[in-house]
Amino acid sequence: MRKVINGIDASPGVVVGKAFLYEEIKLVINKGKVADSKAEEEKLLKGRTASKEQLLVIREMTANKLGEGKAAIFDGHITMLEDEDFFDDILDLIQDDKLSAEYALEQVLDENCEMLANLEDPYLREREADLRDIGRRWLFNTTKTPIVDLGNLPPETVIIANDLTPSDTAQVDLVNTVAFVTQIGGKTAHTSIMARSLELPAVVGTKTILSEVKKGETMIVDAMTGEIIINPTVEEITKALAKKAKYKADKEELKKLLHKTATSKDGVTVGAWANIGGPTDVAGVLNNGADGIGLYRTEFLFMNSTDFPTEDEQFAAYKEVVEKMGKLPVTIRTMDIGGDKALSYMDLPEEENPFLGWRALRVCLDRPEILKTQFRALLRASGFGYVKIMLPMIISIEEVRKSRELLEVCMAELKSEGVIFDEKVQLGIMVETPAVAFRAKYFAKEVDFFSIGTNDLTQYTLAVDRGNEKISALYDSFNPGVLAAIKMAIEGAHEGGISISMCGEFAGDELATPILFGMGLDAFSMSAISVLGIKKTIINLDKKECEALVERVMAMSTADEIRAEIRKFNESL
Ligand code: PEP
Ligand code: MG
């Protein structure tokens with residue numbers, strides 16, 4: 001039956017594909033006594049061998065896609081899978097208590113997980129999740145229940161899930177996957193950011209899609225509008241394919257701007273930078289003609305590790321990015337964990353309001369050894385190119401001063417060790433809270449640059465959770481209050497004599513470009529796929545006209561009026 005479902009357009013593109021439901025199949029466990037223990041032992045062994053083979057394939061795919069560092073996690077998983085004591089405990093239950101292989105495995109698994117969960121050491125405690133993951137795979141293989149494997153999919157697959165975690169996306173078969181559709185999340189949720197960096201069309205926040213579509217059904221995913229059509233008509237497919245071809249042709253046309261700067265008609269040049277999550281994203285940055293990196297989210301390095309990455313591991317990742325970017329600026333943000341980003345090996349408390357809680361720099365200043373290791377790695381990388389260091393989630397000048405003091409300690413240490421680094425390395429902050437926007441001029445005296453993080457600035461100015469799809473209509477960066485905060489930040493930066501960029505998703509929103517340019521933003525940093533579109537928009541603008549537009553929109557009362565005024569302005573160009 002034909003159905004239309006609407007969601008949030010999270011990563012652009014149009015595709016026609018086949019639905020693949022990423023949902024767990026229910027395991028059936030035989031809890032009765034079994035007569036043939038030998039046969040159960042066989043089943044258990046076969047399940048283990050199959051699990052190991054699958055993990056080796058996932059390991060290799062991860063190594064190819066994301067590098068050896070991330071692949072190494074699976075070596076640890078294979079070691080846990082082959083633990084002989086664990087195996088013997090299961091065998092005892094099969095032989096002595098006549099349990100089925102799967103029931104015995106489940107019992108031993110639960111016991112061990114419970115034991116891990118009760119340990120003092122937070123690192124060991126966090127291993128419970130790994131053991132559960134491995135045990136689950138083994139149980140599925142022992143009972144011959146199919147495992148949903150995202151790494152090996154049929155051609156033209158649209159993956160449909162409630163949500164996709166970073167480890168899910170790391171496994172995705174990128175050759176055959178054409179789009180993501182999820183039930184939860186908003187435009188700035190990390191699944192959406194990940195989809196954009198993989199250049200995969202995505203629609204999120206569809207709420208009910210898993211119960212609306214069946215495996216293998218044909219669907220159109222229009223990630224330009226957020227509309228999904230299940231079992232479309234032939235005409236709809238033809239139209240979608242034409243739209244897809246136009247999107248592709250427009251993308252090709254934009255490639256002509258690869259080596260052009262973002263310079264307006266009246267000669268004002270701004271930076272067109274990209275955001276990345278790690279070294280593997282640099283190719284996309286260069287292929288899309290960005291002239292710098294305005295945000296390197298280092299927390300993915302921490303999230304894809306089984307323990308805090310060492311100074312050398314961090315240094316290797318930062319240096320790789322810096323070297324690949326040559327002389328272009330690379331703005332590297334210190335770890336922004338907490339909020340919606342957890343670390344499996346760190347004991348982050350359960351909080352009622354994680355976005356208002358122990359997050360980002362707050363964690364780093366309470367645990368200075370984390371920040372110190374990162375600063376040392378960043379400084380060492382600064383010896384290989386143009387590094388700018390950026391601090392997230394600032395609310396006070398004390399935080400800036402404490403961080404700078406620690407940075408200076410690291411500089412003195414490295415100097416005494418004879419390590420070469422950029423002694424004039426810039427230290428900047430993100431403007432993500434109204435506290436900084438209100439007092440931007442004063443913060444500007446303490447740092448070398450600002451970058452506006454509109455994903456958080458919008459949620460903190462409006463008190464609207466950025467990941468909650470129930471209120472996604474309220475999450476609006478065109479809200480006049482958010483625009484006022486952005487304008488204050490830009491004026492404060494310039495009054496204090498420093499430059500200001502924007503690295504939140506609003507920087508890649510072409511409707512916002514004329515007003516951000518008119519307000520005086522110095523650089524736009526966004527998902528790499530948006531860079532050329534923003535360049536094209538700037539090239540067609542005139543700064544003076546944009547300044548006049550800003551004056552008009554700032555006197556308006558509602559976000560809709562503002563959008564309408566910008567559309568009118570665009571039509572007049
Ligand atoms: C932001 O808040 O706008 C930002 C760029 O940071 P993140 O999305 O990682 O919170
Ligand atoms: Mg942020």
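Please work out which one of (1) closer than 18 Å to Gly7 by Cβ; (2) in contact with a strand residue (DSSP E or B) (Cβ under 9 Å, 6 or more places away or on another chain) is the condition Ser211 fails and give its number.
Ser211 satisfies every listed condition except (2).
Counting just the residues of the range 392-405 that are crowded, with 18+ Cβ neighbours inside 10 Å and touching a Phe, Trp or Tyr at 6+ places or on another chain (Cβ under 9 Å), which one comes out nearest to Phe315 (Cα to Cα)?
Ser403
Taking the range 147-192, which residues are within 16 Å of ligand 2 (Cβ to nearest atom) and either touching a Lys or Arg at 6+ places or on another chain (Cβ under 8 Å) or free of Cβ contacts under 8 Å to residues at least 24 places away in the same chain (or both)?
Gly186, Thr188, Ala189, His190
How do the helices (runs of 4 or more DSSP H) wholly within the range 501-568 filter down when requiring 2 or more residues that are out of contact with any helix residue (DSSP H, G or I) (no Cβ under 8 Å at 6 or more places or on another chain) and more than 21 Å from Pro201 (Cβ to Cβ): which remain?
543-554
What's the number of the condition Ile534 fails, among (1) buried (at least 24 other Cβ atoms within 10 Å of the Cβ); (2) within 13 Å of ligand 1 (Cβ to nearest atom)?
(2)
Where in the range 150-256 are there helices (runs of 4 or more DSSP H), lying fully within it, with 1 or more residues that are open to solvent by 60 Å² or more (accessible area, probe 1.4 Å)?
166-171, 209-212, 234-254
Could you check the range 362-400 and list, in sequence order, the residues that are within 15 Å of ligand 1 (Cβ to nearest atom) and under 23 Å from Met194 (Cβ atoms)?
Answer for the range 362-400, where residues must be within 15 Å of ligand 1 (Cβ to nearest atom) and under 23 Å from Met194 (Cβ atoms): Val363, Met390, Pro392, Met393.
Show the residue pairs meeting these rules: Cβ distance below 7 Å; 6+ apart or different chains; first residue within the range 25-51 and farther than 15 Å from Thr145 by Cα; second residue outside any loop (DSSP other than H, G, I, E, B) and not small (Gly, Ala, Ser).
Close Cβ pairs satisfying both conditions: Lys31/Tyr103; Val34/Glu40; Ser37/Ile94; Ser37/Gln95; Glu40/Ile94; Glu41/Leu91; Glu41/Ile94.
If I filter the range 330-344 for residues that are away from ligand 2 (no atom under 15 Å from the Cβ), over 26 Å from Met502 (Cβ atoms) and open to solvent by less than 10 Å² (accessible area, probe 1.4 Å), do I get at least one hit?
The answer is yes, given that some residue of the range 330-344 is away from ligand 2 (no atom under 15 Å from the Cβ), over 26 Å from Met502 (Cβ atoms) and open to solvent by less than 10 Å² (accessible area, probe 1.4 Å).
Test Ile370 against the criterion of being within 16 Å of ligand 2 (Cβ to nearest atom) and in contact (Cβ under 8 Å) with a residue 24 or more places away in the chain, and give yes or no. Step through it out loud before you land on a result.
Numbers: within 16 Å of ligand 2 (Cβ to nearest atom): no; in contact (Cβ under 8 Å) with a residue 24 or more places away in the chain: yes.
Criteria not met by Ile370.
Are any of the residues in the range 498-520 over 20 Å from Ala272 (Cβ atoms) and either assigned by TED's automatic domain parsing to the domain that holds Ala262 or open to solvent by less than 30 Å² (accessible area, probe 1.4 Å) (or both)?
No.
With respect to Ala485, determine if the residue is within 16 Å of ligand 1 (Cβ to nearest atom) and open to solvent by 60 Å² or more (accessible area, probe 1.4 Å). It would help to see each step written out before you state the result.
On the way: within 16 Å of ligand 1 (Cβ to nearest atom): yes; open to solvent by 60 Å² or more (accessible area, probe 1.4 Å): no.
No: the conditions fail for Ala485.
Do any residues in the range 448-470 that are in the same structural domain as Leu407 (by TED's automatic domain parsing) have Cβ atoms under 8 Å from those of residues that are surrounded by fewer than 23 Cβ atoms within 10 Å (Cβ to Cβ) and among the acidic types (Asp, Glu), where the two are at least six apart or on different chains, and which pairs are they?
The qualifying pairs are Thr458/Asp476; Gln459/Asp465; Leu462/Asp476; Gly467/Asp340.
Within the range 492-504, track down each residue that is in contact with a strand residue (DSSP E or B) (Cβ under 7 Å, 6 or more places away or on another chain) and either at pLDDT below 95 or away from ligand 2 (no atom under 16 Å from the Cβ) (or both).
Ala493, Ile498, Ser499
Can you tell which of Ala484, Ala463, Ala435, Ala412 is of a type outside the set (D, E, K, R) and on the phi > 0 side of the Ramachandran plot? Reasoning before the result, please.
Details: Ala484 fails: on the phi > 0 side of the Ramachandran plot; Ala435 fails: on the phi > 0 side of the Ramachandran plot; Ala412 fails: on the phi > 0 side of the Ramachandran plot.
Selected residue: Ala463, the only one of Ala484, Ala463, Ala435, Ala412 that is of a type outside the set (D, E, K, R) and on the phi > 0 side of the Ramachandran plot.
Answer yes if at least one residue in the range 481-493 is without any contact (Cβ under 8 Å) to a residue 40 or more places away in the chain and closer than 17 Å to Glu561 by Cβ, and no otherwise.
yes
If you check Leu427, Leu414, which single one turns out to be of a type outside the set (Ser, Thr, Tyr), closer than 22 Å to Leu328 by Cβ and either touching a residue at least 24 places away in the same chain (Cβ under 8 Å) or within 16 Å of ligand 1 (Cβ to nearest atom) (or both)?
Values: Leu414 fails: closer than 22 Å to Leu328 by Cβ.
Of Leu427, Leu414, the one residue that is of a type outside the set (Ser, Thr, Tyr), closer than 22 Å to Leu328 by Cβ and either touching a residue at least 24 places away in the same chain (Cβ under 8 Å) or within 16 Å of ligand 1 (Cβ to nearest atom) (or both) is Leu427.
Pick out, from the range 403-463, the helices (runs of 4 or more DSSP H) lying fully within it that include 2 or more residues that are within 13 Å of ligand 2 (Cβ to nearest atom).
In the range 403-463, the matching helices (runs of 4 or more DSSP H) lie at 454-462.
The values are calculated or read from the model by the stated rules, or taken from the named source; none is laboratory data. Bear in mind the structure is a predicted one, so any value in this text is a computation, not a measurement. Note that we place each Cβ from the backbone using ideal geometry, even for glycine, and neighbour counts take in every protein chain shown. With ligands, DNA and RNA removed, areas are computed over all heavy atoms of the protein, side chains included. Shrake-Rupley method; radii C 1.70, N 1.55, O 1.52, S 1.80 Å.
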